[in-house]
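Novice: Shown below is the structure under consideration.
Read the figures in this text as sums done on the coordinates, not as results from a lab. Just so you know, these numbers come straight off a predicted model, no measurement behind them. Quick reminder, even Gly has a Cβ in these numbers, built from the backbone with ideal geometry, and neighbours come from all protein chains shown.
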Amino acid sequence: MPSLWNKLAGRKPRPEPPPMPEETATGQDEPFRQPSIPVRREPEVPTTESALPNVASGPDDLLAPAQATPSRRSWRDRLSSSGFARGLSSLFVRNPVLSDELLDELEIILLSADVGVASTNELIDDLRRRMHKREFADAMALREALRTRLVGLLQPVAQPLEVGMRKPFVLLVVGVNGVGKTTTIGKLARRFQQENRGVLLAAGDTFRAAAVAQLQEWGSRLGVPVCSQGQGADSASVIFDALQMAVAHKHDILIADTAGRLHTRSGLMDELAKIKRVLGKLDAEAPHEVLMVIDGTTGQNAINQVREFINAIGVTGLAVTKLDGTAKGGVVFALAREFALPIRYVGLGERAEDMRVFDARAFVDGLLPVGS
Ligand SMILES: Nc1nc2c(ncn2[C@@H]2O[C@H](COP(=O)(O)OP(=O)(O)O)[C@@H](O)[C@H]2O)c(=O)[nH]1
Ligand SMILES: [Mg+2]
């Protein structure tokens, strides 16, 4: 279907920020994207609450006023520019009547958006069977059935993170390099702050100095303390110290960053297992959430990544980033089908407020608006 492929290929790519110069000791890591905030080098000493400058009040693009209740509309605005959403909307414009070609094209759109072969086959087979049984009066009825099936796939995994009464709640953020872990931590910190919870961050990505500096930058912008020991420090000991500090200072939530060297390297997995082990010495139930961050543009490789992390340390929730303006986004469906792990959040941009608690219906509405 050349016209469809042209449409997908003709999407406007997001400008890529330059890669971080000091990246890759291994040379095999995924490219690290420079954060859009200027990273200020700070002395790498443990940072305490009192030592932190409070700079959260200044005007800052990353800290634009939050929407108190993010509306469905904002999901739609972000998702409708994706290649996936544009592919779906043009499909029904170009195929206003029911036909096998409509379903053939839909199949390609789903596959190229990373919905995955298994989910795509199930969806297409079901819709084709029902179409041939004359269940749909017209293409709009089929479109509605597609919407219902898509929501049905995601509904079971739309389980928000419940912090509950545990204090401090320990949230360990994992995932491969460049997926958006540190950015997600900044977004989470802001979200919890807005709920009047005391947040402490732990700079557990000690692999690169820039990673520590990036988290410190988020901390200072938000006015949230960051525990760090600098590059090369033992990640487990940084996070262990941070948990001790969180207990001593009565913080509500500790969010720990981790390194993301390629998941197939056992070093990282051993490091993560050690972090889990030492946290367990202070609190047998910690970490209370192992949140794995997935780059929504990664494609089917995301499935392998999740499998590796589940095997290595166990994953209790997912956050899928970069769902704004990408051709993809379908990986959310593939993940839901493959793992049935809760999807907690989605990232819809680089700024602090560009994160949403995952909502199956709002997500599908963004991709395929009701009745239009
Ligand atoms: N468009 C977009 N970019 C994002 C999102 N989340 C993170 N990024 C960008 O992805 C790049 C890598 O993010 P970072 O948090 O440093 O990844 P980490 O290596 O996993 O910690 C940065 O340029 C971020 O600004 C998102 O939801 N949307
Ligand atoms: Mg990072």
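Novice: So what are the ³J(HN,Hα) numbers for region 293-309, from phi and the Karplus equation (6.51, -1.76, 1.60; θ = phi - 60°), rounded to whole Hz, Gly and Pro as x?
Specialist: Coupling constants for region 293-309: 9, 10, 7, x, 9, 5, x, 5, 4, 4, 5, 5, 4, 4, 4, 4, 6 Hz.
Novice: Quote to one decimal, in nm, the extra length available between Lys281 and Glu144 on full extension: 0.36 nm per residue of separation minus the C-alpha distance between them.
Specialist: The Lys281-Glu144 span can extend by a further 44.2 nm.
Novice: So, one more: Among Ser220, Ser82, what is the fewest-to-most ranking by other Cβ atoms within 10 Å?
Specialist: Ser220, Ser82
Novice: In whole Å, what is the distance between the alpha-carbon centres of region 214-266 and region 317-372?
Specialist: Using only Cα atoms, the two centres lie 26 Å from each other.
Novice: Okay, moving on. Order the peptides 343-350, 95-102, 182-189 from the highest to the lowest mean number of other Cβ atoms within 10 Å of their residues.
Specialist: Output ranking for 343-350, 95-102, 182-189: 182-189, 343-350, 95-102.
Novice: While we're here: Let me know the whole percent of all Cα-Cα pairs from region 101-211 that are separated by more than 25 Å.
Specialist: 51
Novice: Could you tell me which GluC sites (Glu not before Pro) in region 242-320 are loop residues by DSSP with no more than 16 other beta carbons within 10 angstrom of their beta carbon?
Specialist: Answer in residue order: Glu285.
Novice: While we're on this one: For a footprinting-style exposure proxy, rank Lys322, Lys167, Lys328, Lys181 by other Cβ within 10 Å, fewest first.
Specialist: The most exposed by this proxy come first: Lys167, Lys328, Lys322, Lys181.
Novice: Relative contact order for region 189-348: what is it in percent, counting Cα pairs under 8 Å that are at least 6 residues apart?
Specialist: Across region 189-348, relative contact order equals 18 percent.
Novice: Now, a different point. Would you order His132, His251, His288 from fewest to most other beta-carbon atoms within 10 Å of each residue's own beta-carbon?
Specialist: By the 10 Å Cβ count, ascending, the order reads His132, His288, His251.
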